[in-house]
1. Let's see if you can work this out: charge +1 on each Lys and Arg Cβ, -1 on each Asp and Glu Cβ, no other charges. What is the dipole magnitude of the chain about its Cα centre, in debye to the nearest 20?
2. Hey, can you rank 519-525, 216-222, 294-300 by average C-beta count inside 10 Å, highest first?
3. How far, in nm, would the chain grow between residue 224 and residue 511 when pulled straight, counting 0.36 nm per residue and subtracting the alpha carbon separation?
4. Please work out which option in (i) 52; (ii) 19; (iii) 25 gives percent of Cα pairs over 44 Å apart calculated from these coordinates, and answer with its label.
5. Using the beta-carbon distance between residue 395 and residue 417 and R0 = 25 Å, what value does 1/(1 + (r/R0)^6) give for FRET efficiency, to the nearest 0.05?
6. Compute the signed sum of charges (Lys and Arg +1, Asp and Glu -1) over the other residues within less than 12 Å, Cβ to Cβ, of residue 123.
7. Residue separation times 0.36 nm, minus the C-alpha to C-alpha distance between residue 585 and residue 494: what's the value?
8. Taking all pairs of different Cα atoms in region 135-246, averaging 1/r and flipping that mean, what Kirkwood radius in angstroms comes out?
Amino acid sequence: MKRIGHLSIRGCFVVGLALLMVLGLGACRKRPESQPQVVFGPMGLEISGLPEKTPVKLYDTSGKLLLAYPPLPSRDLLLIFPWQPRETYHLVAGSFSLRLQSPDSRPLAEIEVFAPLGSPGRRFLIFETGPIKPEEFVILSKDPCPEVGFLITSFVSELPVRIPTFEKTLVLSGEFDRHLFHHRICLAPEVPRRITLITGKRRLSLLFKRMVFDLKGKVKLVSWRVPTEESGYSLRYRREGLLVVPNPLFERLGYLLGIKAQGFSRYAPFAYQTLVLKNLTGSPLNLLVKADFLDPKTGKPVPGFYPPRFGMIGHFKKPLALVYLPPHGNAQVVLPIYVEGVSPGEYVARVAVYPLGEEKPLFVKARRIGVTRGSPWLAAGLLMILATGALYSGAIFLGLRRLLSGFNLRELSLVALAGAVAFGLDFLGGLLSNILYAFLGPFNILVGGLVTEVVHYAVFTAVLVLVPRPGFATLSGLLHYLMGLTLFGGLRATDPFFLGARLFVIEACLFLFRGYRRPWGGRTVLALAIADAINTLTSLVLHMTFYRLFFPGWYLWLSLLVKGFLYTLIGAWLGARMGKHLLGMER
C-alpha cells in the first residue's frame, strides 16, 4: 500500500508537471493577429485593425507599386487613390498579404444613422449595384418618441433622397454635399418600425425598436480625476483636487522674457476633469454627462468655472459630453474647467449622468476642489532670494582667495573650529530630531532646536567675539557646508541658492547692526536672532518651491518665532557672555 501510495503521488507530480509545461508553451506561443478590415470608400482604401507601426504597400494587378506608407502609430489608415471598379489590388501590411477585389461600381452616397440623435453613428456606403442588407437598431429610451438622425453625403453631382415615412425628399447637389436630417419617431416598447431611405434606385431598409428598462445601478463611476490634461492623463506636478491659478507676477515676467506666449485666449479651458464610466449591462448605452461647480455655502453655480459668457443676454454654457458605453465596457469622459475670475478657496464640483434624451439622472456625484493663487509678494520675495543666493555664491567663488587673505593664522584656526563644531552640533541635532520626530511629530522643533539653534549659536557667537572680522560668518558657514558635502555627499543644484542666501543674510544683519564692532553687545545678539528667523523663512520658501512641501500656518509661525528667533536669541546671548570671558582670558 505504501508503494502504491508513493507511485500515485509520483504519477500525479509527473502529470502536473507535464500540464504546466503544456500551459507554459501555450502561453509563450504568440497569439495570431486578427486580419485587418478593408473597405473601398469614396476617397480610397479604408483600413482598420492594423497592428501599430505597420508599414503598408499597395500594388495593382501588374505588380506596380501604387502607394507606400511608413510605420505609423495608428491602427487605422486611409490610402487615398482613385481605385477603379472590378479591379484586383494587392495589399501588403506587415505580415499580412491580401488580394482585394474592388466593387462593381463607385459609391453613390454615404448614410450615417444616429439612433438616438447624439449617439455614435452607424455608417452605410450605398453603391450603384450590389445587395444592401437591412439593419436593426435598438434604442434604449423611456421617451416614447426618441429623435433619430440621418447624415447623408453625396458622391455624385446630384442625388435625390426620399424618406417616405416622413414624406420628406432631399436633393443633394454637388459632389460631397452633406445634409443632416433628424426627426422624432414614436415607437411602442419592443414593437419594431421600419424606415426606408431611397437614394436614386437604391433602398436602405432600417428597423428601429425601442426597449425600456431601469438603468439605475447599471452604470458605475470608476474614477474622477481633477485636474487632468485634455487627453485625460493626470498632471503629475499638480495636487489632486487643487487648481493652481497662475501668479500674475510670474505671468508678466514670462511675457517680458518671451517664455510664455502672449496669445493666450480666455476662451481656452484652464484645465480638465476626467471621469471613467463602466457599463454593467450587456447592452450599449448612450449617456449625457453634465458638470457643475457650486459655492459650498450658498449652493449656487460659480460662473467663473464655466465657459465665458456669450450673447447679449448674459447666458453661459455648461460643460457636457456625450458618451457611448459599449456592453460591459468602459468609457473616458473629459470635461473642461475654466477659472476666469474665480477667487481662491474651496468649491464643490458636481457631475450628473443622464440616459440620452431623459431628464432624470442615473446618479449625481460631488466632491470638493480647491483653487489657489500664488501671492505676488511671495513671488517677489522668492525671486529676491534666488537672485541674492546665486549672486552671493558667485561672489564667494570668485573672491574666496581675497577673503582668506584678510585673516591671519590664529583667526583661520578659530574659523575652522567654529565651522567644525557647527557641523558636529548640526549632525547630532539632526539625529536627535529624527528620533524625536517619531514621538513628537512636527513639535520636535521645540526640542531639537535646543541643540541645533541654542548650542550652535552659543558656540558661533563665542568664536565671533574672538574673531570680530567681516567674512567670519561666510567662512565658517562655507566650511560647515564643505564638511557635510565631503562626508555625506549629496551635491544638489539648489545648494547655491540655499547657502548663498543664508550666508548673505547673516553678514548683512551683522553689518547693519554693527555686530562686528562690539560683538559681545546686544546688537550682535539681536542681529543673529533676526538673521536666523529670516533664514528659517527663506528655507521654508525654497523647500516649498523646489520640493513642493507645504506647511500649515501655525507651523510656519512656530518655526519663525521659537526655533528661528527665540532659540537663536538665547544661544547668541549665552555665546556673547562666554566669548567675552574667553576674550579676557586670552588677553
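1. That gives a dipole near 1040 debye.
2. Descending mean neighbour count gives 519-525, 216-222, 294-300.
3. 97.7 nm
4. Structure-derived value, by its label: (i).
5. Efficiency, rounded to the nearest 0.05: 0.50.
6. Computed value for this residue: -3.
7. In short, 28.5 nm is gained.
8. 18.1 Å
All of the numbers you see were taken from the coordinates with simple rules; none came from a lab. Treat the numbers as computed from the prediction; the structure is a model and nothing was measured. Virtual Cβ from ideal backbone geometry, glycine too; neighbours counted across all protein chains shown.
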